[in-house]
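Trainee: I have a structure here, written as C-alpha cells, and I will follow up with some questions on it.
The values are calculated or read from the model by the stated rules, or taken from the named source; none is laboratory data. Predicted model, so just to flag it, every value in this text is computed and none were measured. Neighbour counts are summed over all protein chains in view; Cβ atoms, including those assigned to glycine, are modelled from backbone coordinates with ideal geometry.
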Amino acid sequence: MTQRICFQLRINPDLADEYKERHANVWPEMLSALSETGWKNYSLFLAPDGVLTGYLECEDFALSVQRMGETTINEKWQASMAKFFVGLDGVAPDGAMAPLEEVFHLD
C-alpha cells in the first residue's frame, strides 16, 4: 500500500534563492538514489517565511529514509544543504522529516 507523506521543515528565508537554485540542479546521483530507495512523486514547496513543505509517496517511509541514509550521496547532499535549515538542533534535515497526520484525501 502506498503511503502519502507530508512534512514541514524551515529554512532561513534569506537563503531561499540559493536553496531554490540548488534544487533546480539536484545532482543526478541524488535523483537516482531517491528513486532507487522508494521515493516517488517527491515535491517541495517553499513559503516566503521559510516554511518548507515536502510531499512524497512510498511503500514504507521509515525504510525509504533508512535506505537513503545508507547512501554516500545522501550524506554528501545533506552536508551541503545543512546551512539552509534552522531549528533542527543538530539533527540532519532528512532525520527531522516527521510526517504530518493526513486528515483528508480526495480519492
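Trainee: Under the condition of being loosely packed, with under 14 Cβ neighbours inside 10 Å and among the small types (Gly, Ala, Ser), which residue from the stretch 47-93 is modelled with the highest pLDDT?
Mentor: If we filter the stretch 47-93 for residues that are loosely packed, with under 14 Cβ neighbours inside 10 Å, which is where we start, we get 47-49, 51, 59-60, 62-63, 66, 70, 72, 76, 79-80, 82-83, 86-91.
Within this subset, residues satisfying the condition of being among the small types (Gly, Ala, Ser) are 47, 62, 79-80, 82, 87, 90.
Values: Ala47: 98, Ala62: 95, Ala79: 92, Ser80: 94, Ala82: 92, Gly87: 91, Gly90: 85.
Among those residues, the one meeting the criterion is Ala47.
Trainee: Tell me, which residue of the stretch 59-75 that is in contact (Cβ under 8 Å) with a residue 40 or more places away in the chain and over 13 Å from the mean Cα position of the chain (by Cα) is farthest from Glu102 (Cα to Cα)? Talk me through it step by step, then tell me what you get.
Mentor: So the first thing to find is which residues in the stretch 59-75 are in contact (Cβ under 8 Å) with a residue 40 or more places away in the chain, and the list is 59-61, 73-74.
From what's left, over 13 Å from the mean Cα position of the chain (by Cα): 59-60, 73.
Values: Glu59: 16, Asp60: 16, Ile73: 30 Å.
Checking each candidate, the answer is Ile73.
Trainee: Of all residues in the stretch 1-31, which are of a type in the set (Gly, Ala, Ser) and either in contact with a Leu (Cβ under 6 Å, 6 or more places away or on another chain) or free of Cβ contacts under 8 Å to residues at least 24 places away in the same chain (or both)?
Mentor: Filtering the stretch 1-31 down to residues of a type in the set (Gly, Ala, Ser) leaves 16, 24.
If the condition is that a residue be of a type in the set (Gly, Ala, Ser) and either in contact with a Leu (Cβ under 6 Å, 6 or more places away or on another chain) or free of Cβ contacts under 8 Å to residues at least 24 places away in the same chain (or both), then Ala24 is the only one that fits.
Trainee: Moving on. Looking only at the stretch 94-107, filter to residues that are within 19 Å of Arg10 (Cα to Cα) and in contact (Cβ under 8 Å) with a residue 60 or more places away in the chain; which one of those is surrounded by the fewest Cβ atoms within 10 Å (Cβ to Cβ)? Quick ask: steps written out before the conclusion?
Mentor: First, pick out the residues of the stretch 94-107 that are within 19 Å of Arg10 (Cα to Cα): 94-101.
Subset that is in contact (Cβ under 8 Å) with a residue 60 or more places away in the chain: 96-100.
On the way: Ala96: 16, Met97: 17, Ala98: 9, Pro99: 15, Leu100: 12.
The extreme case among them is Ala98.
Trainee: Can you name the residue in the stretch 1-46 that is acidic (Asp, Glu) and closer than 17 Å to Val86 by Cα and is also farthest from the chain's Cα centre (by Cα) among such residues? Before the answer, list the steps.
Mentor: Of the residues in the stretch 1-46, the ones acidic (Asp, Glu) are 14, 17-18, 21, 29, 36.
If we keep only those that are closer than 17 Å to Val86 by Cα as well, we get 14, 17-18.
Details: Asp14: 19, Asp17: 17, Glu18: 16 Å.
Only one residue tops the list, namely Asp14.
Trainee: Next question. On the basis of being charged (D, E, K, R) and under 13 Å from the mean Cα position of the chain (by Cα), does Asp94 make the cut? Show your work before the answer.
Mentor: Working: charged (D, E, K, R): yes; under 13 Å from the mean Cα position of the chain (by Cα): yes.
Here the answer is yes, as Asp94 does meet what is asked.
Trainee: Tally time: how many residues in the stretch 63-104 are part of a loop (DSSP other than H, G, I, E, B) and farther than 21 Å from Thr53 by Cβ? Talk me through it step by step, then tell me what you get.
Mentor: Taking the stretch 63-104 and keeping what is part of a loop (DSSP other than H, G, I, E, B), we get 70-71, 86-92, 96-104.
Next, only the ones that are farther than 21 Å from Thr53 by Cβ stay: 70-71, 90.
The number of residues fulfilling the criteria is 3.
Trainee: Continuing with the same structure: Can you name the residue in the stretch 10-46 that is touching a helix residue (DSSP H, G or I) at 6+ places or on another chain (Cβ under 9 Å) and assigned to a loop (DSSP other than H, G, I, E, B) and, of all such residues, is surrounded by the fewest Cβ atoms within 10 Å (Cβ to Cβ)?
Mentor: Ranking the candidates gives Val26 first.
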